Amino acid sequence: MTTPDQACHELLVRLAGRLPDELHWRLRDWLADGGRDALSATLPRELLRHRVGLTDDERELLAAAVGQWGASRRLLDAVLPAHATDEPTVSFAPGPDGLDQAALSILAVVRGHPGCVELRQTWRSGGRGRQRIVLVLGGERPWVLTGTLQRLLRAHGDRTPCVEVLPPHGEPPAYHRAAIMGSVSLWRSAAALVGT
């Protein structure tokens with residue numbers, strides 16, 4: 001059974017590239033820190049404000065998360081519908097070779113976090129300028145790991161950290177497929193290497 005925290009994390013993963021980075025990282029930080037009241041008051045309003053529609057599956061995730069935390073039913077019902085998520089309008093590239101201090105810090109955390117399979121990095125270019133994107137495949141309590149990694153990136157000067165903690169299996173959303181294709185692997189677990 002999916003918990004409200006899991007549902008909220010999955011919804012926020014699906015909203016990557018559809019909400020402004022300045023807002024998205026803050027929503028994820030609140031989830032990691034147990035800020036359910038802030039999420040239930042803010043997320044539906046921001047979806048409306050930015051005119052971001054949700055598919056039926058995403059609406060179910062919204063209701064399973066912030067709906068359980070007391071979000072206004074009227075606001076939840078007002079969120080726009082969407083038939084399918086759009087293909088990303090940004091591009092992804094591996095970026096500079098080598099590991100900088102921020103990537104080394106992220107790597108140290110991911111290696112020690114239970115359930116992590118792989119760490120990848122890419123740089124997104126497009127309408128919002130150049131932005132580092134960290135992709136982690138696997139990881140227990142992914143919303144907590146996301147918050148930890150975002151705080152590390154902020155400590156290294158990234159004002160709007162973009163951390164995507166995805167399930168190790170299954171088909172990722174279009175935004176994440178494009179990010180993975182344009183990324184470079186920084187680390188893979190020994191178990192993942194044996195499986196290849």
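The values are calculated or read from the model by the stated rules, or taken from the named source; none is laboratory data. The model shown is predicted, which means the values in this text are computed figures rather than measured ones. Using ideal geometry, Cβ is built from the backbone for each residue, glycine included, and neighbour counts are taken over all protein chains shown.
Looking only at the stretch 74-85, which residues are touching a residue at least 40 places away in the same chain (Cβ under 8 Å) and part of a helix (DSSP H, G or I)?
Here is the first cut: in the stretch 74-85, the residues touching a residue at least 40 places away in the same chain (Cβ under 8 Å) are 85.
Passing the criteria: none in range.
Does residue 31 count as closer than 20 Å to residue 72 by Cα and either touching a Phe, Trp or Tyr at 6+ places or on another chain (Cβ under 8 Å) or not polar (S, T, N, Q) (or both)? Here the answer is yes, as residue 31 does meet what is asked.
Pairs are defined by a Cβ separation below 6 Å, a sequence spacing of at least 6 or placement on different chains, a first member in the stretch 1-26 that is over 10 Å from residue 61 (Cβ atoms), and a second member that is surrounded by fewer than 19 Cβ atoms within 10 Å (Cβ to Cβ) and among the hydrophobic types (A, V, I, L, M, F, W, C); the pairs so defined are 18/52.
Checking the structure you have, find out if any residue of the stretch 54-61 is touching a residue at least 60 places away in the same chain (Cβ under 8 Å) and in contact with a helix residue (DSSP H, G or I) (Cβ under 9 Å, 6 or more places away or on another chain). No - not one qualifying residue is present in the stretch 54-61. Among the residues of the stretch 131-142, the one identified as within 15 Å of residue 3 (Cβ to Cβ), in contact with a strand residue (DSSP E or B) (Cβ under 9 Å, 6 or more places away or on another chain) and surrounded by fewer than 24 Cβ atoms within 10 Å (Cβ to Cβ) is 140.
Residues checked against (1) hydrophobic (A, V, I, L, M, F, W, C); (2) within 14 Å of the chain's Cα centre (by Cα); (3) at pLDDT 95 or above:
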{"residue": "90", "(1), (2), (3)": "yes, no, no"}
{"residue": "132", "(1), (2), (3)": "no, yes, yes"}
{"residue": "142", "(1), (2), (3)": "no, yes, yes"}
{"residue": "146", "(1), (2), (3)": "no, yes, yes"}
{"residue": "172", "(1), (2), (3)": "no, yes, no"}
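It is to be established whether one or more residues within the stretch 136-152 are touching a Leu at 6+ places or on another chain (Cβ under 8 Å) and more than 24 Å from residue 33 (Cα to Cα). No; the residues of the stretch 136-152 include none that is touching a Leu at 6+ places or on another chain (Cβ under 8 Å) and more than 24 Å from residue 33 (Cα to Cα).
Any chance you could count how many residues in the stretch 25-58 are of a type in the set (D, E, K, R) and within 16 Å of residue 9 (Cβ to Cβ)? Even if it seems obvious, please write down each step before you answer.
We begin by selecting, within the stretch 25-58, every residue of a type in the set (D, E, K, R); these are 26, 28-29, 33, 36-37, 45-46, 49, 51, 56-58.
Now narrow it down to the ones that are within 16 Å of residue 9 (Cβ to Cβ): 26, 28-29, 33, 36, 57-58.
Total satisfying the criteria: 7.
A count restricted to the stretch 66-93 and to residues that are touching an Asp or Glu at 6+ places or on another chain (Cβ under 9 Å) and within 30 Å of residue 130 (Cβ to Cβ) stands at 2. Report yes if some residue within the stretch 136-143 is in contact (Cβ under 8 Å) with a residue 60 or more places away in the chain and among the hydrophobic types (A, V, I, L, M, F, W, C); otherwise report no. Looking through the stretch 136-143, at least one residue is in contact (Cβ under 8 Å) with a residue 60 or more places away in the chain and among the hydrophobic types (A, V, I, L, M, F, W, C). Of all the listed residues (97, 86), the sole one being at pLDDT below 95, acidic (Asp, Glu), loosely packed, with under 12 Cβ neighbours inside 10 Å and not assigned by TED's automatic domain parsing to the domain that holds residue 141 is 86.
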